[in-house]
Amino acid sequence: MRGLWQLLTGRSNIITTTAGAFIENAEAAGKREAEGKAQARRQFGAEFRHPRQGSFDRVIDGLNRLPRPMLAFGTIGLFIMAMVDPVWFAGRMQGIALVPEPLWWLMGAIVSFYFGARHQAKSQDFRRSVAETAAEAGAVDARVKALDALGQNTSDNPALDDWRAARG
């Protein structure tokens, strides 16, 4: 009986070892998750440390900003032309009706890829700005604490001093 008890409660606990094969260790999982997140933040911060500022990048960014307004204003322009000159508009629409279906599929794919890539680029820019802001949090916190310390030491108002003392 003592041997069985030693087997169940000893250093190599058979129940713990067997259960460990079927149930994840929560503490180890938490450590792995925290390390994975920290590693992702380090990689993300390194990726966006140096912003793009070359003239080529600015030109391409400017060109990338053209299609959305052109599509929006072009569509609004078609609505306006439909009201101003319905015959002209009907002629243009007859021309569009002659466009073969595969070309419409191609146009849809191009527009989808463009807006998908644009969404991804904007999402990455947003993440970069969040990472930069998070990186500044420690410095901002230190400055706020320093300012709070200055404000607490130079008070001439006893009521304010009592209120601060009550706050902790």
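A residue that is surrounded by 11 or more Cβ atoms within 10 Å (Cβ to Cβ), of a type in the set (A, V, I, L, M) and more than 39 Å from the chain's Cα centre (by Cα) occurs somewhere in the range 60-83. State whether one or more residues within the range 24-42 are in a helix (DSSP H, G or I), closer than 28 Å to E136 by Cβ and in contact (Cβ under 8 Å) with a residue 24 or more places away in the chain. Yes; the residues of the range 24-42 include at least one that is in a helix (DSSP H, G or I), closer than 28 Å to E136 by Cβ and in contact (Cβ under 8 Å) with a residue 24 or more places away in the chain.
Determine which member of the set A117, A90, A97 is within 25 Å of A72 (Cβ to Cβ), loosely packed, with under 10 Cβ neighbours inside 10 Å and free of Cβ contacts under 8 Å to residues at least 60 places away in the same chain. Only one candidate passes the filter, namely A97. Here is a check on your reading of the model: is D125 surrounded by 11 or more Cβ atoms within 10 Å (Cβ to Cβ) and out of contact with any helix residue (DSSP H, G or I) (no Cβ under 9 Å at 6 or more places or on another chain)? Here the answer is yes, as D125 does meet what is asked. Among residues of the range 43-62 that are assigned to a helix (DSSP H, G or I), none has a Cβ under 6 angstrom from a residue that is surrounded by fewer than 10 Cβ atoms within 10 Å (Cβ to Cβ) at a sequence gap of 6+ or on a separate chain.
Taking the stated definitions as given, is E136 charged (D, E, K, R), part of a helix (DSSP H, G or I), in contact (Cβ under 8 Å) with a residue 60 or more places away in the chain and closer than 30 Å to Q43 by Cα?
Numbers: charged (D, E, K, R): yes; part of a helix (DSSP H, G or I): yes; in contact (Cβ under 8 Å) with a residue 60 or more places away in the chain: no; closer than 30 Å to Q43 by Cα: yes.
When the stated conditions are applied, E136 does not pass them.
Any idea which residue in the range 18-51 is modelled with the lowest pLDDT, counting only those that are aromatic (F, W, Y) and closer than 23 Å to F126 by Cα?
Initial filter on the range 18-51 (aromatic (F, W, Y)): 22, 44, 48.
When the remaining residues are screened for being closer than 23 Å to F126 by Cα, the result is 44, 48.
Values: F44: 79, F48: 71.
So, considering only residues that are aromatic (F, W, Y) and closer than 23 Å to F126 by Cα, the one modelled with the lowest pLDDT is F48.
The values are calculated or read from the model by the stated rules, or taken from the named source; none is laboratory data. Everything numeric here is computed off the predicted structure, so don't read it as measured data. All Cβ positions, glycine included, derive from the backbone under ideal geometry; neighbour counts span all protein chains shown.
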